[in-house]
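S.K.: Dropping a structure here in structure tokens format, bear with me for questions.
The values are calculated or read from the model by the stated rules, or taken from the named source; none is laboratory data. Please read all numbers here as calculations on a predicted model, not as lab measurements. Cβ placement follows ideal geometry from the backbone for every residue including glycine, while neighbour counts extend to all protein chains displayed. Protein only, heavy atoms only, side chains kept; ligands, DNA and RNA dropped before computing areas. Shrake-Rupley method; radii C 1.70, N 1.55, O 1.52, S 1.80 Å.
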Amino acid sequence: MRQFNFVIIFILCLAFALFAIENTEPGTIHIIPGYQVQAPIAVELLLASGLGAVFAWLFSIWTHLGRLLVSGKQVRQKNVQLKELETKIEQYQAEIQSLQLALPPAGDSLKEAQAAQ
């Protein structure tokens, strides 16, 4: 995958370099009303690409933080469910213990059944 990414980036940089060589005439950038800048079209493209890359990076950080928050919330929910299940297991074990104490030992009932025959 790294080689594929390298090839894509290399082709884009080569295309940009060829575009810059062919487009050296100045163009006008209107930033706000009454304020304009003249620069070669290649420089304008480089600035636009750089700003796009910065915005893409900021967006990826934003989405990564969002995923971290969601996964943290899910972990907390799973921990709560785990605690609830552990308490239920303890309750069921205590219930089984109380039922075992209430029943007569298995050997006594077997002797009584044999004596009754």
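S.K.: For semi-axes √(5λ) of the Cα gyration tensor in Å, pick the label among [x] 80, 20, 6; [y] 24, 19, 11; [z] 31, 22, 12 that corresponds to the value derived from the coordinates.
M.R.: Here semi-axes √(5λ) of the Cα gyration tensor in Å agrees with entry [x].
S.K.: Using a 7 Å offset from the Cα along the Cα-to-Cβ direction at both Ile21 and Tyr92, what is the distance between the two label points in nm, to one decimal?
M.R.: The answer from the label model is 7.4 nm.
S.K.: Return the carbon/sulfur percentage of the accessible area of the chain, one whole number, probe 1.4 Å, all protein chains in place.
M.R.: 68
S.K.: With everything on Cα atoms, drop me the angle between helix 2-22 and the longest principal axis of the chain, reported from 0 to 90° to the nearest 10.
M.R.: Between the helix axis and the principal axis of the chain, the angle is about 20 degrees.
S.K.: Right, another one. Could you calculate the contour length gain from Val75 to Val43, that is, 0.36 nm times the residue separation minus the distance between their Cα atoms, to one decimal place in nm?
M.R.: Contour length minus the Cα-Cα distance gives 6.8 nm.
S.K.: Something else about it: Per residue, how much accessible area does the chain have with a 1.4 Å probe, in Å²?
M.R.: Spelled out: the 1.4 Å probe surface of the chain, per residue, equals 92 Å².
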